[in-house]
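Everything below concerns the one structure shown next.
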Amino acid sequence: MPLRYNVIEIFTSEEIRYKGQAAYSAVIDHVRDLKIAARCMVTKGFAGCYENGELVSTNIEVLSFNLPLKIEIILPALEVERVVSAIEEIIADGIVIVRDMDVRLHVTSSRLIPRQIRVEDVMTPSPACVAVSEKAGEIIKLLLRSDFNAIPVIDADNRPVGIITQGDLIARAGMPVRLGLLSEFEGGKTDAYLESISGKTAGDIMSKPVITVSPEKTLGEAVDEMLKRNFKRMPVVDAQGRIVGILARFDIFNSIAQESPDWDSVKSQKMKVGNIHYVRDVMRCDTDTVQPDTPVNEIIRIVNARKVQRVAVVDDEGRLIGLVSDRVLLGVFANNQAGVWDYLMAKMPFKEMADRHKELIRQTTMKKAADVMRTEIITVRENTRIDEAVRLMAGKGIKRLPVLDAQGKFKGMISRDSVLRAGLKKG
């Protein structure tokens, strides 16, 4: 059965402008921004004439300044009016035709990252940086009051010579916990730790050499490089090697969320979309789970041994009922931070910690997962499209999402990293 489609044909010229932009480019941008099941093509003629008597031809150089253009847009009939209304405003000189079409098949394939997007389109420009001589304590203070958790290290010519990440701070500056948890401790303990590393500088703890990316590189190429090297961010440098921005996974997710077509609307037009991938294709199935009656000290052992930031709490039938994160666990000890700090700073085994802080251990043994878990959880289903999950993660600032099946049973987790890997490999 033929699909109800129209073709919009616009006969204009290359000199026509709309708000300082070539009119054909404005038409393309408008159609693309609508995120509908439309395909657009622009062709340039090599000769022609206009109603005002003007003649143009590539055969004579002086007559080739205003060659004719034809813009064709094929789209579902239901979308024609809102496209034409915009075209009438954009095209100041030309002819617009709308014709019916018998479309037998309309097929496309999805891409997580459109090919035309470049690093400069999504990077964070003019990022905060530190000098090689900057004190480690000052760097941590800067990161604690910022919304980022890594920072480039630059030389006197503004060229990056290294980068400092949370991992570097933990490995080379003895930071006991990730930055998000360090900020939870009362100031005196944090200040004492910062004083203990006063002799270290950025040069002592940074990762080097630093891998950079050009702003002209396509975003897909940059993401591929980041995934190969297991990077969460990359400094962006100009042709002289000076830093002009930083590309982080959060920037990439925001870009995907903004650029992804509305596939629900597209598919509602009976259009076939290939290469769409779902959360079930990228989730981790080996995520740790605990029962509601699991003691908190056992959860701490799991978090410590597995080096994870959260565990899922499930009922006897495997349905997700809560999450326990390392931040939640820290909150359990709100009245006894001294014991927790000792444990973190000395990397004590639990036996020694128990000997020194019997009351602390007694309190944790008494508490269960059900007492401390967070129950207001944002989740996705196995059959959620990857682009939908990206939009949700970007909008809520979420790094990981629990995945449920149709019955609400916990199936695993997806992370930003796993989504990007699947999107590039299959997209």
- How large is ³J(HN,Hα) for each residue in segment 294-309, as worked out from phi by the Karplus curve 6.51 cos²θ - 1.76 cosθ + 1.60 (θ = phi - 60°), to whole Hz, x for Gly and Pro? 5, x, 4, 5, 6, 5, 4, 4, 5, 4, 5, 6, 8, 6, 10, 9
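At a Förster distance of 25 Å, what's the computed FRET efficiency of Phe148 paired with Ser25, Cβ-Cβ distance as r, to 0.05?
Details: r = 34 Å, r/R0 = 1.37.
The computed FRET efficiency comes out at 0.15.
Given the peptides 396-407, 234-245, arrange them by the average over their residues of other C-beta atoms within 10 Å, most packed first.
Details: 396-407: 15.7, 234-245: 17.7.
Most protected by this proxy first, the peptides run 234-245, 396-407.
Treating only the Cβ of Lys, Arg, Asp and Glu as charged (+1, +1, -1, -1), what charge dipole size does segment 53-94 show about its Cα centre? Round to the nearest 20 debye. Could the numbers behind the result be given before it?
Details: 2 positive and 8 negative charges, 23 e Å.
With Lys and Arg at +1 and Asp and Glu at -1, about 120 debye.
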- Message: Can you give me the distance in nm between label points at Glu225 and Ala370, each placed 7 Å from the Cα along the Cα-to-Cβ direction?
- Response: 5.3 nm
- Computed label-point distance, nm, for sites Arg115 and Ile95 using a 7 Å Cα→Cβ extension: 3.3 nm
- Message: Ignoring solvent entirely, what values of log10 I(q)/I(0) come out of the Debye formula for segment 31-183 at 0.12, 0.15, 0.19, 0.20 Å⁻¹ when each Cα is a single scatterer?
- Response: -0.76, -0.91, -1.24, -1.30
- Going 7 Å from the Cα of Asn52 toward and past its Cβ, which residues in segment 75-91 have a backbone nitrogen under 20 Å from where you end up? 88-91
- How large, in Å, is segment 3-104 by the Kirkwood hydrodynamic radius built from its alpha-carbon pairs? 14.3 Å
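Using per-residue counts of other Cβ atoms within 10 Å, averaged over each peptide, order 113-124, 375-386 from highest down.
The packing order, highest mean first, is 113-124, 375-386.
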- Message: If R₀ is 51 angstrom, what is the calculated FRET efficiency for the pair Thr43 and Lys208, using the beta carbon separation as r and rounding to 0.05?
- Response: 0.50
- Item | Simple label model, 7 Å out from Cα along Cβ direction - Val84 to Thr289, nm | 5.5 nm
- Task: Between Asp281 and Ala156, take the C-beta separation as r, use R0 = 45 Å, and let me know the FRET efficiency to the nearest 0.05.
- Result: 0.40
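Here is the link list: Lys35/Lys217; Lys367/Lys396; Lys232/Lys399; Lys217/Lys307; Lys141/Lys189. Which ones come out longer than 23 Å on Cα distance? Walk me through the numbers before you get to the answer.
On the way: Lys35/Lys217 25 Å; Lys367/Lys396 30 Å; Lys232/Lys399 12 Å; Lys217/Lys307 34 Å; Lys141/Lys189 13 Å.
Check vs 23 Å cut-off fails for Lys35/Lys217; Lys367/Lys396; Lys217/Lys307.
Values quoted throughout were computed directly from the atomic coordinates according to the rules given, and no laboratory measurement underlies them. Predicted model only: the values in this text are computed from it and were never measured. Please note: Cβ atoms are built from the backbone with ideal geometry, for glycine as well, and neighbour counts cover all protein chains shown.
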